Structure formats: structure tokens, C-alpha cells
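The values are calculated or read from the model by the stated rules, or taken from the named source; none is laboratory data. Every value quoted in this text rests on a predicted model; they were computed, and no experiment measured them. Here the Cβ positions follow ideal geometry from the backbone for every residue, glycine too, while neighbour counts run over all protein chains shown. Ligands, DNA and RNA are stripped out before the accessible areas are found, and what is left, the full protein with its side chains, is counted by its heavy atoms. Shrake-Rupley method; radii C 1.70, N 1.55, O 1.52, S 1.80 Å.
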Amino acid sequence: MTAYRTIVVGTDGSESSYRAVEKAAALAADAGAKLVIACAYYPADARDTAQAADVLRDEAYQITGSAPTYDILRTAREKATVAGAKDIVERPIVGAPVDSLLTLIDEVDADLVVIGNRGLNTLTGRLLGSVPSDVARKSTSDVLIVHTVR
């Protein structure tokens, strides 16, 4: 088995996703691999954002445009650095998390994608699909689903 050269990890700013970043960073450090940290977002106008925030409540941080995305990526980079990763690339990506992540995996020719298990065992996840299950099913690279939520 060869070492991974490029590892992609997605984050949405949740503590769960930061645990996946830390795991991916440790793997990248061990393999001497490049770590690409991705955060998907939707650009939105203020009215749409306010309406979505009312509906999403605690999950509203995911839809508030690109400014929080850069904060999320900066925090993820800091956590990855502490975990030992050296070659880190931050990638804000516009669009749905699964499609954007899959496009990025192909674009950077990643050998591994690391993602948290958040949503995997929920009723909604089972009925409609979740980011981890959809990425695992559709990815062209190896997938590591990290137990970030028990």
C-alpha cells in the first residue's frame, strides 16, 4: 500500500467536523501529504440569510455567506497545524457540500477524503442521505469516515 499524497477534509465549522480535520491532519503529517481543507457555502443575500437562519437556528452558521467560511477555514488550519500537518491548503467552495467536495477531490487528485460521521445515523440521514454516506458512495478516492459524533 502506498502512502497518501493528497488528503481532502471537509469542515462546516462544527466541533464534529473539526475532529475530522484533526484526524486528517494527523494522517497527512504521518504520510507527508498535502492536506486540503474545504468548506462549502452558498452565497446569499441578507433577506434569504435571515429567513434561513430563522429556520435553521443552531445550524445557521452554514448558510451565512463567504465571510464565516474564511473564519472556519482559518480555525481548521490552526487545528491542522497543531495536529502536525505541514502542507495545508484552504479551499472555500461554492455549492452543496457533497457535490462541491466530490468536484474538489477530482480537481486536486486526492487519494483520500476524510469526513465526520455527523448525520450518518440520523433518521433524516437514513431517509434522505447524509454528507458522509453520499461522499462514500460517490467518491473516486478512498474515504475515511471518522467517528466524530457518537
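Output the residues belonging to region 1-33 that are open to solvent by 20 Å² or more (accessible area, probe 1.4 Å) and of a type in the set (A, V, I, L, M, F, W, C). If the condition is that a residue be open to solvent by 20 Å² or more (accessible area, probe 1.4 Å) and of a type in the set (A, V, I, L, M, F, W, C), then 1, 3, 26, 27, 29, 31 are the ones that fit.
Would you mind stating whether residue 93 is buried (at least 18 other Cβ atoms within 10 Å of the Cβ), in contact with a strand residue (DSSP E or B) (Cβ under 8 Å, 6 or more places away or on another chain) and not in a helix (DSSP H, G or I)? So residue 93 passes the test.
Scan 98, 36, 114 and give me the residue that is in contact with a Lys or Arg (Cβ under 9 Å, 6 or more places away or on another chain), at pLDDT 75 or above, part of a helix (DSSP H, G or I) and open to solvent by less than 40 Å² (accessible area, probe 1.4 Å). First the steps, then the outcome.
On the way: 36 fails: part of a helix (DSSP H, G or I); 114 fails: part of a helix (DSSP H, G or I).
Going through 98, 36, 114 in turn, the sole match is 98.
Of the residues that sit in region 117-145 and are buried (at least 21 other Cβ atoms within 10 Å of the Cβ) and either in contact with an Asp or Glu (Cβ under 9 Å, 6 or more places away or on another chain) or closer than 16 Å to residue 31 by Cβ (or both), which one is modelled with the highest pLDDT? Per the stated criteria, the residue is 131.
Considering region 41-76, the residues that are modelled with pLDDT of 95 or more and over 21 Å from residue 103 (Cβ atoms) include one that is surrounded by the fewest Cβ atoms within 10 Å (Cβ to Cβ), namely 74. The set of residues in region 9-46 that are of a type in the set (Lys, Arg) and over 16 Å from residue 87 (Cα atoms) contains only 19.
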